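Peer 1: The structure follows.
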Amino acid sequence: MKEQLEDIRRQAQAELSAASTKQELETLRVKYLGKKGELTAILKQMGKLSPEERPIIGQLANEVRESITALLESSQAEIKQKERNAKLASEKLDVTLPGKKHVLGNKHPLSIVLDDIKEIFVGMGFDIVDGPEVEYDYYNFEALNIPKNHPARDTQDTFYINENIVLRTQTSPVQIRVMEKQKPPIRIISPGRVYRSDSVDATHSPLFHQIEGLVVDKGITFADLKGTLETFVKRLYGEDSVVRFRPHHFPFTEPSAEVDVQCFNCRGEGCRLCKNEGWIEILGCGMVHPKVLANCNIDPEVYTGFALGLGLERVAMRRYNIDDMRLFYDNDVRFLSQF
Ligand code: DAH
C-alpha cells in the first residue's frame, strides 16, 4: 500500500508538471483527488490494515494528498499567469502606431466674411434682424418707392410667384418690415439671400447674398452715414483703407451714393484686381427717402435715417482674390479647405 501511494505521488507529480491547461488540471484533480479518484480508492482499503499499520499509512496518504493539492495549486497559478501573459501580449497597444486623422470641416468663405461684418456692426450697436425670402411685391418694391412700371424694376430681373408675391431681389424690404414694427431709434443690419433671374457666369448667380443696414433717429445726417461706413470699411479692410463716396441714384434713398475703396492691391494705381480703375465699388447707400419713412408711418419731418446695401459675394471675392463666383456654390472641398 505504501508503494501504491508513492506510485500515485510520483505519477501525479509527473502528470501535473506536464499539464498546460486548466482543463487538463481539472481532469487530473478528479483523477487523483476526486470521490472516485485513485487516492480515495486506496483510502477505502484502509479497513483491511492492521491497527499498527493504519496510522502510518493514514499519515502517508495525507502527505500524498497534501503534496498533490499543493502541486495542483501551484500549477493552477502558473497556468493562470501564462494565460494572463498571453492575453496581455495579444492585446498589446502599439503606442508608436500613427493615429487616424480626422477630417475637420471648414467655415465657408462667405460665412467667414459675414461673421466678420456682423461683428463690426454689432460692435457699433446694431441689431441683426431677419426677413422673409418670399416677399410681397409691396415690401420688395412698392414701399421702397419703386412703383409698378418704375424703370428700376427692369434692373432687377424678378422671379414672380404671382402678381403680388416675389422672391426678394434685395434685402431692402427688411427696412420696411422693421420700420413698420419698431419706433426709432433703429439701428439694424439684415443679411440674407436674394434672388434675381440672372444667368450664371463668373460674376452673376440667380441666388446671392446681401447685407442691408438701416439707421433711423432724430437728427441723423449724411455725416453719420459717412462716419459709420468709413469705420466699417477700415475695420473690414484695415485702418489704412481709403474710402470714396460717389453720387448715385436709388429710388429709396435721397441723396444716394456708391462707396468705393481704394484698391488695396495697387493703392489706386490700377491693376488687374480693380480692372485698372484704382477703386473697387463695395456698396450702395443714402439717406432714407422721406416717402419711404412716410410709408412706414415715421414722420419725415421728425426723423431722418440712412441705409446701405452690400453684396456679400463681392466682399468675399475681393478679400480672397476669387475671380469666379461659382466657386462659392460648388462646395468643392479642395476650394473650401483653403480658408
Ligand atoms: N438694394 C440695393 C440693390 O440691391 C442696394 C442698396 C443701395 C441698399 C442703397 C440700400 C441703399 O439700403 O441705401 O442694389
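The values are calculated or read from the model by the stated rules, or taken from the named source; none is laboratory data. The model shown is predicted, which means the values in this text are computed figures rather than measured ones. Cβ: placed from backbone, ideal geometry, glycine included. Neighbour counts: every protein chain shown.
Peer 1: Go through the range 1-22 and report how many residues are within 60 Å of the chain's Cα centre (by Cα) and either at pLDDT 85 or above or closer than 28 Å to GLU53 by Cβ (or both).
Peer 2: First pass over the range 1-22, keeping only residues within 60 Å of the chain's Cα centre (by Cα): 19-22.
Now drop any that are not either at pLDDT 85 or above or closer than 28 Å to GLU53 by Cβ (or both), which leaves none.
Number satisfying all stated conditions: 0.
Peer 1: Counting just the residues of the range 228-260 that are small (Gly, Ala, Ser) and more than 16 Å from the ligand (Cβ to nearest atom), which one comes out farthest from the chain's Cα centre (by Cα)?
Peer 2: Out of the qualifying residues, it is SER241.
Peer 1: Oh, and also: Looking for whichever is among the aliphatic types (A, V, I, L, M), within 12 Å of the ligand (Cβ to nearest atom) and under 21 Å from SER111 (Cβ atoms) here; the options are ILE176, ILE188. Which one fits?
Peer 2: Just one listed residue meets the conditions, ILE188.
Peer 1: From the list LYS31, LYS36, exactly one residue is surrounded by 13 or more Cβ atoms within 10 Å (Cβ to Cβ) and of a type in the set (D, E, K, R). Which is it?
Peer 2: LYS31
Peer 1: Here's something else I'd like to know. Can you tell me which residue among TYR160, TYR136 is of a type in the set (Ser, Thr, Tyr), within 29 Å of TYR303 (Cβ to Cβ) and over 30 Å from the mean Cα position of the chain (by Cα)? I'd like the intermediate steps shown before the answer.
Peer 2: Working: TYR160 fails: within 29 Å of TYR303 (Cβ to Cβ).
After applying the criteria, what remains is TYR136.
Peer 1: Taking the range 269-296 as the search range and keeping residues that are at pLDDT below 95 and surrounded by fewer than 16 Cβ atoms within 10 Å (Cβ to Cβ), which one is farthest from the ligand (Cβ to nearest atom)?
Peer 2: Looking at the filtered set, the residue picked out is GLU269.
Peer 1: Here's another thing I want to ask about it. Just to check your reading of the model, which residue among ASN149, ASN162 is over 21 Å from LYS291 (Cα atoms) and among the polar types (S, T, N, Q)? First the steps, then the outcome.
Peer 2: Details: ASN149 fails: over 21 Å from LYS291 (Cα atoms).
Every option except ASN162 fails the conditions.
Peer 1: Separate question: Looking only at the range 227-263, count every residue that is in contact (Cβ under 8 Å) with a residue 24 or more places away in the chain and either outside any strand (DSSP E or B) or buried (at least 20 other Cβ atoms within 10 Å of the Cβ) (or both) and tell me the total.
Peer 2: 17
Peer 1: Now, a different point. Could you list all residues from the range 288-318 that are within 14 Å of PRO255 (Cα to Cα), in contact (Cβ under 8 Å) with a residue 40 or more places away in the chain and not aliphatic (A, V, I, L, M)?
Peer 2: HIS289, LYS291, THR304, GLY305, PHE306, listed by residue number.
Peer 1: Would you mind telling me which numbered condition in (1) in contact (Cβ under 8 Å) with a residue 60 or more places away in the chain; (2) more than 13 Å from the ligand (Cβ to nearest atom); (3) within 28 Å of the chain's Cα centre (by Cα) ALA202 fails?
Peer 2: In the conditions (1) in contact (Cβ under 8 Å) with a residue 60 or more places away in the chain; (2) more than 13 Å from the ligand (Cβ to nearest atom); (3) within 28 Å of the chain's Cα centre (by Cα), ALA202 misses (3) alone.
Residue by residue, here is whether (1) within 16 Å of the ligand (Cβ to nearest atom); (2) closer than 19 Å to GLN210 by Cα; (3) among the hydroxyl-bearing types (Ser, Thr, Tyr); (4) not in a helix (DSSP H, G or I) holds:
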| residue | (1), (2), (3), (4) |
| --- | --- |
| ASP94 | no, no, no, yes |
| ASN106 | no, no, no, yes |
| LEU110 | no, yes, no, no |
| LYS118 | no, yes, no, no |
| VAL122 | no, yes, no, no |
| GLU135 | yes, yes, no, yes |
| TYR139 | yes, yes, yes, no |
| LYS148 | no, no, no, yes |
| ASP157 | yes, yes, no, yes |
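Peer 1: Which condition breaks for ALA152 when tested against (1) small (Gly, Ala, Ser); (2) under 13 Å from PRO191 (Cα atoms); (3) outside any loop (DSSP other than H, G, I, E, B)?
Peer 2: Evaluating ALA152 over (1) small (Gly, Ala, Ser); (2) under 13 Å from PRO191 (Cα atoms); (3) outside any loop (DSSP other than H, G, I, E, B) leaves (2) as the failure.
Peer 1: Output the qualifying pairs, or none if there are none: Cβ atoms under 9 angstrom, residues six or more apart or on different chains, first residue in the range 141-158 and within 9 Å of PHE252 (Cβ to Cβ), second residue part of a loop (DSSP other than H, G, I, E, B) and away from the ligand (no atom under 12 Å from the Cβ).
Peer 2: Close Cβ pairs (under 9 Å, with a partner that is part of a loop (DSSP other than H, G, I, E, B) and away from the ligand (no atom under 12 Å from the Cβ)) amount to ALA143/CYS296.
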